[in-house]
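Bear in mind that the values in this text are calculations on the coordinates, not laboratory data. Not measured: the values here are computed from a predicted model. Heads up, the Cβs are rebuilt from the backbone with ideal geometry, glycines too, and the neighbour counts pull from every protein chain shown.
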């Protein structure tokens, strides 16, 4: 093994991370190579030299600042739990409200089927029932019902007499005053 | 009997501020010094220490001990440190790492020895600060926090072999940078 390879392996050698044969190779090389011996020593000395960089004390104000920030953190924690739950409830309530409003509006907007459509959609009209209930129908319903009866040929379509014919009939009925 | 860090976390969850203060006392110095050595700026180190412990406090509600407490704690510090580096880079602020030199503790040394020691310290700090970021973090955790390679790997989110490689390469770089310097101390 050359010096470069040996020097790359020296940190692992110092860590005790090499296998038996690698350790043997390095130790044999160190016995005969001054440069690698120097490097081996330099590695250890440099690592030990780092100890000169001592720890520094923490500023006292920093500790006080941390402790003073704790209550707000606890509030924020609860807010983090409560707010999403409240928001979810509002959303669910809002959606429910919206759907129920849309449903009622749809029902109000639904067109009332015209009598003609009714007859087309409901061909099986109970004629007896219709006739029996004629007396309780309102005017419009009455005429609508009459139309229905005409359509189903229950009532004959009677042409309205013209005005002239009506007058003639009247005049023939007139009794001359004596 | 002294409460373990994990037991203290359980007490903090119950709202025990005293438990939090005890945890803070136990770890504030190591957290502060990790950030200070890595970033080289006392203000940034102070911010990171505060944010780390606020996160610890908030996380106490959901904390589940899956690893050593310090592994989890240092992972928070490491992440915050790298965030600061990223924001520094995006703001194009050149870190003047070598400008920060902690004050020497009072020692009974003669002036010549003190000057020499101060120069050695400056050289050591500069050499560590010149290491690539991941290498520097691995060296700091290994040298100043006595962490094993597997713990460092967990903190840094890499393999144990990657940590070994970083530390070994860093040792070679430092040996070249600090050649002969330790004999002056």
Please specify each residue of region B:15-25 satisfying the condition of being surrounded by fewer than 16 Cβ atoms within 10 Å (Cβ to Cβ), more than 7 Å from chain A (Cβ to nearest Cβ) and assigned to a helix (DSSP H, G or I). B:18, B:25
Sole miss for residue B:172 among (1) in contact with a helix residue (DSSP H, G or I) (Cβ under 6 Å, 6 or more places away or on another chain); (2) farther than 20 Å from residue B:39 by Cα; (3) within 7 Å of chain A (Cβ to nearest Cβ) is condition (1)
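Can you pull out the helices (runs of 4 or more DSSP H) entirely within region A:1-87 that have at least 1 residues that are closer than 30 Å to residue B:121 by Cβ and more than 9 Å from chain B (Cβ to nearest Cβ)? Before you say what the answer is, go through the steps one by one.
On the way: elements: A:3-15, A:20-32, A:34-49, A:60-68.
So the answer is A:3-15, A:34-49, A:60-68.
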